[in-house]
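Here, each number is a calculation from the coordinates, and none is a lab measurement. In this text, all values refer to a predicted model and were calculated from it rather than measured experimentally. Every residue, glycine as well, gets a Cβ built from its backbone with ideal geometry; the counts of neighbours run over all protein chains shown.
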There are 2 protein chains.
Amino acid sequence: MGAGNQQERLDAKWIVGFVDGEGCFHIGINRQPEMILGWQVLPEFRVVQHRKDTQILTRLQSYFDCGTVGVNNGDRMEFRVRGIRNLTAIVEFFRQNHLRTKKLDDFERFARVIEIIKNGHHLTESGLVEVATLALKMNRRRNSSASKILRDYAPDAN
Amino acid sequence: MGAGNQQERLDAKWIVGFVDGEGCFHIGINRQPEMILGWQVLPEFRVVQHRKDTQILTRLQSYFDCGTVGVNNGDRMEFRVRGIRNLTAIVEFFRQNHLRTKKLDDFERFARVIEIIKNGHHLTESGLVEVATLALKMNRRRNSSASKILRDYAPDAN
């Protein structure tokens, strides 16, 4: 009773279903004094699984031909993709293979942030405000960095 | 930014990926004095989602043409399939469309339990012991009914 056919390439539609369940499109925003506005925008795509299913994470890594597989927390492992070139490929994949749950909304916001970064627009106040606004809509947990950016640069937004 | 194409029939491979992430094959065992051995075996397949994604549960229900969609707990909704005829169809689906994670192991045990019930073998001590043994391997949470059955009918098993 193994997890059969482990070497077989994953199917794109299977991946979409799995990511609809387990995937996460995340926009990290960190204090970074060396950056022009003092903030670094760090988008990442990740899938977390119990370590017993590490094989599925390495198969995702093989499929997308990018990202890393490492420890997330305790018994949990993660497949994580960072970097604009890699994330552009991830966005392209989910443009061609549509998410079916409300995770699609997070994906659309994520894709917009990638676009903003590609244009260098996140280095301007208005671009950073847009990123922060999108990040606040995406992440379930409070995003204190995004909130601070809006207070600083868009105090009238609320 | 809706969850687009909501009326389109789900793809089998998407369903497998989604169930690899979010599905649950469960063997309930309940005290039931009217049953021959005093225990009722109640297998069920379920998928739980936040209520914002109820649409995906009703689409699963449409796809499989069985089961119910209702409240699981608080904000969470569930698509649930019970009954041997319905579950036989579910088993057949996952025989044709292979799970890729370790959930496959739970599925194989689940499929075996369905087979045992179809044969009426769960009404015998040896059949019930096999069901209890499989259930103990499947469910993450302690299954006190299964443990009691093994203590009563297969005390040498440990």
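What ranking do B:47-57, B:75-85 get when scored by the average of other Cβ atoms within 10 Å per residue, highest first?
B:47-57, B:75-85
Give me the extension gain from residue A:85 to residue A:147: residue separation times 0.36 nm, minus the current Cα-Cα distance, reported in nm with one decimal.
Once the chain is fully extended between residue A:85 and residue A:147, it gains 19.6 nm.
Straight-line reach from residue A:102: which lysines fall under 16 Å, measuring Cα to Cα and dropping same-chain residues less than 8 apart?
Within reach: A:137, B:52.
Place a point 7 Å from the Cα of residue A:118 along the Cα-to-Cβ direction; which residues of segment A:45-67 have their backbone N under 17 Å from it?
A:45
How many nm is it between the label spots at residue B:51 and residue B:32, if each spot is 7 Å from the Cα in line with the beta carbon?
Simple spin-label model gives 3.1 nm for this pair.
Quick one: label points 7 angstrom along Cα→Cβ at residue B:95, distances to the other copies in nm, smallest first?
4.3
Which value, in debye to the nearest 20, gives the size of the charge dipole of segment B:12-153 about its Cα centre, when Lys and Arg are +1 and Asp and Glu are -1 at the Cβ?
340 debye
What gaps in nm, shortest first, separate residue A:32 from its twins in the other copies when you place the label 7 Å past Cα toward the beta carbon?
Result, one decimal in nm: 5.9.
Just checking the output field for B:42-54: average partner chain Cβ neighbours within 10 Å of each residue's Cβ?
So the per-residue partner count for this stretch is 1.
Rounded to a whole number, what is D in µm²/s for segment B:12-153 from Stokes-Einstein with the Kirkwood radius over alpha-carbon pairs (20 °C, 1.002 mPa s)?
The calculation lands on 137 µm²/s.
Per residue of B:98-111, how many C-beta atoms from partner chains lie within 10 Å of its own C-beta, taken as a mean?
Mean shielding by partner chains, rounded to a whole number: 4.
What are the distances, in nm and sorted shortest first, from the label point of residue B:58 to the label points of the same position in each other copy, with each label point placed 7 Å from Cα along the Cα-to-Cβ direction?
Distances between equivalent label points, in nm: 4.3.
Under a Cβ-Cβ cut-off of 13 Å, what is the net charge of the residues other than residue B:49 that fall near it, where Lys and Arg count +1 and Asp and Glu count -1?
Neighbour charge sum, excluding residue B:49 itself: +3.
Just to confirm a number: summing +1 for Lys and Arg and -1 for Asp and Glu over residues other than residue B:65 whose beta-carbon lies under 15 angstrom from that of residue B:65, what do you get?
With Lys, Arg at +1 and Asp, Glu at -1, the net is +4.
In the neighborhood of residue A:134, defined by Cβ-to-Cβ distances under 12 Å, what is the net charge if each Lys or Arg adds +1 and each Asp or Glu adds -1?
Around residue A:134, the surrounding residues sum to -2.
May I ask which residue of B:73, B:36, B:86 lies farthest towards the positive end of the charge dipole of segment B:31-158, with charges of +1 (Lys, Arg) and -1 (Asp, Glu) on Cβ and the Cα centre as origin?
B:73
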